[in-house]
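For reference, the structure discussed in these notes is given below.
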Amino acid sequence: MGEIIVKGKRRKEFVDFITTNSVLSLKENQVQYSNMLYPNGGIVDDLLVYNLKNEMMLVVNASNTDKDFEWIMKNRWEDVEVENISDRIAQLAVQGPVAEKVIQKLTDYPLEKMGFYFSAETKVCGIDMVISRTGYTGEDGFELYFYKENAEKMWNEIFEAGKEFGIEPIGLAARDTLRLEMRYMLYGNDIDQNTTPLEAGIGWCVKLEKGNFIGRDALIRQKEEGLTRKLVSFEMVEKGIPRHNYKIFVDGKEVGFVTSGNYSPSIDKYIGLGYVNLPFTKLGQEIDIDIRGMKKAVIVKPPFYKNGTHK
C-alpha cells in the first residue's frame, strides 16, 4: 500500500475537502473508508483515512501512490504539510479468526478493546508502529504499518507467534478471492476514473450534506439526473469464470460488462461484479455473459459470503 501523511492545524479540514466521507466526525485513532474524486465525480482512488493523534495518514492503493500524491499536492492548502512516506513503510496484514490471539502475543496493547476500524500507535515486538483493526479479506484481523528495516523481524516474529495456530502466508490471488466474496472493490477493475461512487454502490461513504468537497457538484447532478448503470453482484448459473471486461447481455442486447470474477471456494460457485445498465439491475434479474459463448447468470444480493467474525 501507499502511505501519505498530512500535518497541520487544518489537516482534518483539508482531508475532508479532498475525500467524500465525513472526516470531521472521526474520533482520535478512528479509521475511515473513503474516496478521492476528480471534479467530474470519477474516482481518483479509494483509501483509508487514519485520524492519528498528531497527523492524518492516508493509505492508498500501491499502484496509485504517485498519482494520488500528485493529486493531493495539486489541491494542497498552504497551511497543510503533505509527505509521501511509502518508500519507508512496510505493511503486513494478519487476517483470520485467531488474528487477535496471534498479535496479542507480541504486544502489551489490549487488542480486545480495539473496535473495528480503529487503530493505535503502539509497540509490537518492541517496534513502534500503527496497528489497526482493518483488512481487505472480510475476516477479523489487523494491519501493521512500520519502518521497512523492521520488516524481516516482524515477519519472523508473527510466524513464530502464529505457529501454534497453523498460520500461513497468502498472496494476491487468495486475497483477491476473499475481497470479491465480500464485494470489496478493486481499483482499476471495479472502480476507476470513469466510475462514480454512486454507480459503484458506495454512496454510503459519500456525505453530500457535509459541505464542499472535490467532486460534490458532479455527484449532486448525477443524483438529480438519475443513474444510468449500477455495479451489480452476480452468480453464474452455468459453469464459467466471468473475466474482466467480458460483455453482459439481456435478451441478446449488450447491457454491461464484467469488472471482477472468480471461483468462490467458500460457496462453491463462480461469482462476479459488473456494471449493468438500468433497468436490468434488480435482484433476480437473469443475465448472459459471453464466456466463449453465452453463459447464464443471476444478479444476487451482496456479499456473496460473510463469516460474521467482525467485532
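Every read-out reported here was derived from the displayed coordinates using simple, explicitly stated rules and does not represent laboratory data. Just so you know, these numbers come straight off a predicted model, no measurement behind them. So basically every Cβ, Gly included, is an ideal-geometry build from the backbone, and we count neighbours across all protein chains shown.
List of remarks:
- For the chain, the longest principal axis of the C-alpha atoms and the axis of helix 172-181 are separated by about 60°.
- Cα gyration tensor, the range 77-117 - rounded (a/c under 1.5), prolate or oblate: prolate
- Cross-linked pairs K67/K253; K7/K163; K253/K282; K12/K67: Cα-Cα separations exceed 28 Å for K67/K253; K7/K163.
- Per-residue Karplus couplings for the range 271-282, computed as 6.51 cos²θ - 1.76 cosθ + 1.60 with θ equal to phi - 60°, are listed in order as 10, x, 10, x, 8, 10, 5, 5, x, 8, 10, 6 Hz, Gly and Pro entered as x.
- Amide H within-cut-off set for D192, under 5 Å, with H built and near neighbours excluded: I43
- Global form of the range 88-161, assessed from the alpha-carbon gyration tensor, a/c cut-off 1.5: rounded
- Summary of the geometry: the range 30-81 and the range 139-169, compared by the centres of their Cα atoms, lie 27 Å apart.
- Derived scalar couplings between HN and Hα for the range 60-72 equal 10, 5, 3, 5, 9, 4, 5, 4, 5, 4, 4, 5, 5 Hz in order, rounded to whole Hz, by the Karplus curve 6.51 cos²θ - 1.76 cosθ + 1.60 (θ = phi - 60°), x for Gly and Pro.
- Acute angle (nearest 10 degrees) that the helix 216-225 long axis makes with the longest principal axis of the chain, alpha-carbon atoms: 20 degrees
- Set of aspartates and glutamates with alpha-carbon distance to K230 below 13 Å, sequence-local pairs under 8 removed: D190, E199
- Acute angle (nearest 10 degrees) that the helix 151-161 long axis makes with the longest principal axis of the chain, alpha-carbon atoms: 80 degrees
- The Cα atoms of the range 159-243 give a gyration tensor whose axes a ≥ b ≥ c have a/c of 1.5 or more with a/b no greater than b/c, which makes the shape oblate.
- In Hz, Karplus ³J(HN,Hα) per residue of the range 193-204 (6.51, -1.76, 1.60; θ = phi - 60°; x = Gly, Pro): 5, 9, 10, 10, x, 5, 5, 7, x, 10, x, 5
- Segments 293-305, 163-175, 96-108 sorted - mean Cβ within 10 Å per residue, highest first: 96-108, 293-305, 163-175
- Each principal axis of the Cα cloud of the chain was taken in turn, and the coordinate range along them, longest first, works out to 61, 51, 30 Å.
- By average C-beta atoms within 10 angstrom, highest first, the peptides 120-131, 218-229: 120-131, 218-229
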